[in-house]
Amino acid sequence: MNEIWAVLKAMLDPLFIVFVLLLVSFVIFIKNIKKKSDSLILLLCIVLVYGAGIAPVSNYLCYYLEKDYINNNSAGLKNNIDAIVVLGNGTKEIKSLKETFSTNSGTLRLIHAVAVYNKTGARYFVCSGKGEGDISEAQTMAKLAEALGVPKEKIKIETKSKNTAENAREVKKIFGDSKINIGLVTSAFHMKRSEGEFKKYFDNVMPLPAHYLYSSPTRNVVIRYMPQSEELYKTSIALREIIAQLWYSIK
């Protein structure tokens, strides 16, 4: 009974409704479409919506990005990290702490960074990222870190960087020493690119992924193949990161 209820709820997902409407439109108008190219375009839209919105596709893309970090475990960390560096998430508008982090993965990054700091007793806690608001992401993260118990004198704020490459370059300006042990905190899907950039400036970079988009396939098999908004979101994040990786490799 619970499985039936889960499927019914999945049918109310906006993306599934859009997909069904596209299918109905295709069936109704296929006979009235004079050009085959028009029908092919509509069919292509249907295929794209379906493919981007189902769990097997989104999960595969997320696994591709996160596979090197899935078994990462910070539980056994020792006091060999000099600086915890947490990267911003590209927030476009920053107002209050509550409004900024309530629906932002930057929350998970920051909280994970604080947890790692408490375990390792690192000498520094670095918040990096300008963002696009009136107040930088780094400043906002620093305030939250202090509220969570990180001593203010331990916190360093980097407010100039607008992207991952600049994150690494600007943090290097703070320390200068390439031998310093960096504990790098960002989302798992973003870690490979971030780690590559930081290794250009630092000899010792330990990846400490904050959260994962990939999840083991445990959902109802019917729902897994129904287009869902959550899966479309994961697909869009993964594709954007894959494109960014390609761009960075070209640069």
Scope the stretch 161-189; condition of a type outside the set (Asp, Glu), surrounded by fewer than 24 Cβ atoms within 10 Å (Cβ to Cβ) and not in a helix (DSSP H, G or I); matching residues
161, 162, 163, 176, 178, 179, 180, 181
Is the stretch 222-231 home to any residue that is in the same structural domain as residue 119 (by TED's automatic domain parsing) and not in a helix (DSSP H, G or I)?
no
Out of all the residues in the stretch 198-219, is one or more in a helix (DSSP H, G or I), in contact with a strand residue (DSSP E or B) (Cβ under 8 Å, 6 or more places away or on another chain), touching a residue at least 24 places away in the same chain (Cβ under 8 Å) and of a type outside the set (Ser, Thr, Tyr)?
yes
Starting from the stretch 131-147, keep only residues that are under 15 Å from residue 161 (Cβ atoms) and without any contact (Cβ under 8 Å) to a residue 60 or more places away in the chain, then list their pairs with residues that are basic (Lys, Arg) and not in a helix (DSSP H, G or I) whose Cβ atoms are within a distance under 6 Å, requiring at least 6 positions of separation or different chains.
132/92; 136/130
Considering the stretch 210-251, residues that are within 14 Å of the chain's Cα centre (by Cα) and aromatic (Phe, Trp, Tyr), and then whichever is surrounded by the most Cβ atoms within 10 Å (Cβ to Cβ), we arrive at 214
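When you go through 158, 66 one by one, which is the residue that is under 30 Å from residue 216 (Cα atoms), at pLDDT 90 or above and surrounded by 19 or more Cβ atoms within 10 Å (Cβ to Cβ)?
Working: 158 fails: under 30 Å from residue 216 (Cα atoms).
Only one candidate qualifies: 66.
The values are calculated or read from the model by the stated rules, or taken from the named source; none is laboratory data. All of these numbers come straight from a predicted model, not from anything done at the bench. Because the Cβ atoms are built from the backbone with ideal geometry, glycine has one as well, and the counts that use them run over all protein chains shown.
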